[in-house]
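Chemist: The structure follows.
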Amino acid sequence: MYFRKILLLIIFLLTASPAFCAKAGGVEYHDYLFDYSNLDAGPIAAEAESLLEQALVETDKNVKNDLLHRAMKNYYILLKITPDDVNVLNKRALIYDLQDKNLLARSYFSRSLNIAKDNPETNFLVGDYFYKRRDFKRALKYYSAAYQNGYNNYDINFKLAVVYEKLGDLCNAKRFYQEAYSLDGTQNFLIEKIENIPEENEEYHGTIRS
């Protein structure tokens, strides 16, 4: 009986231990006494990035969800190490976005913007959040902020072109389609798109790829 009590006590201490929870993945609970500053953020961040990159290209829903869940646990720990790390906040928001947890995604995007409202990566990701939900006016606001602060690649130029076309601003749509094509000349469908958009904002019946 005595040894049984000792065994039960050991099991209780292990399952209640903050360190055990962090390693086992239950990092959302019982970690208030754990000193995260002792952890090396480098390997944790590398693993988190790798898991997220795999999840972004994974087509199997169950595998994708597992990768996102594992990445989120690492980003949780990273945020405990550096609570105001904009990149980590963005990645948590992105994962919540991918999981369609809208309130949580917007909450973390908001925290990130409150720390650095002009951060181009944050603004692009927030623009993407609204773009995927077909809220093109708000997508334009954040894409424009990202672009003005130096975020410039094929993806944002193409999406800015689509947004402007959706909103009926054909001059800017054509401009950004041209810029997108200059950044990736393999996208041959853009040639027809550019040629079909008139110079002025006159009646237009082109098709929009989104």
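Chemist: Return the residues of the range 94-121 that are of a type in the set (Asp, Glu) and more than 13 Å from Tyr142 (Cα to Cα); say none if nothing qualifies.
Modeler: Result: Asp97, Asp100.
Chemist: Go through the range 104-134 and give me each residue that's outside any helix (DSSP H, G or I) and hydrophobic (A, V, I, L, M, F, W, C).
Modeler: Ala116
Chemist: So, one more: Is at least one residue of the range 85-106 surrounded by 21 or more Cβ atoms within 10 Å (Cβ to Cβ), in the same structural domain as Asn38 (by TED's automatic domain parsing) and more than 24 Å from Ser182 (Cβ to Cβ)?
Modeler: no
Chemist: Here is a further query. Which of the following residues is of a type in the set (A, V, I, L, M, F, W, C) and within 12 Å of the chain's Cα centre (by Cα): Leu113, Leu79, Leu94?
Modeler: Numbers: Leu113 fails: within 12 Å of the chain's Cα centre (by Cα); Leu79 fails: within 12 Å of the chain's Cα centre (by Cα).
Selected residue: Leu94, the only one of Leu113, Leu79, Leu94 that is of a type in the set (A, V, I, L, M, F, W, C) and within 12 Å of the chain's Cα centre (by Cα).
Chemist: Continuing with the same structure: Whether any residue in the range 36-58 is modelled with pLDDT under 90 and among the charged types (D, E, K, R) is what I want to check.
Modeler: Checked the range 36-58: at least one residue is modelled with pLDDT under 90 and among the charged types (D, E, K, R).
Chemist: Could you please find all residues in the range 138-155 being assigned to a helix (DSSP H, G or I) and over 10 Å from Asn123 (Cβ atoms)? Steps first, answer last, please.
Modeler: Start the filter on the range 138-155 by keeping residues that are assigned to a helix (DSSP H, G or I), which leaves 138-148, 154-155.
Arg138, Ala139, Leu140, Tyr154, Asp155, listed by residue number.
Chemist: I would also like to ask the following. Could you tell me whether any residue of the range 62-81 is in a loop (DSSP other than H, G, I, E, B) and either modelled with pLDDT of 95 or more or surrounded by fewer than 20 Cβ atoms within 10 Å (Cβ to Cβ) (or both)?
Modeler: From the range 62-81, those in a loop (DSSP other than H, G, I, E, B) are none; that's our starting set.
Scanning the range 62-81, I find no residue that is in a loop (DSSP other than H, G, I, E, B) and either modelled with pLDDT of 95 or more or surrounded by fewer than 20 Cβ atoms within 10 Å (Cβ to Cβ) (or both), so the answer is no.
Chemist: Oh, and also: Have a look at Lys193, Lys174 and point out the one that is assigned to a helix (DSSP H, G or I), at pLDDT below 95 and either among the β-branched types (Val, Ile, Thr) or touching a helix residue (DSSP H, G or I) at 6+ places or on another chain (Cβ under 8 Å) (or both).
Modeler: Within the list Lys193, Lys174, the selection yields Lys193.
The values are calculated or read from the model by the stated rules, or taken from the named source; none is laboratory data. Note that the structure is predicted; figures quoted are calculated from it, not measured. When we count neighbours, we look across all protein chains shown, and the Cβ atoms used for this are built from the backbone with ideal geometry, even at glycine.
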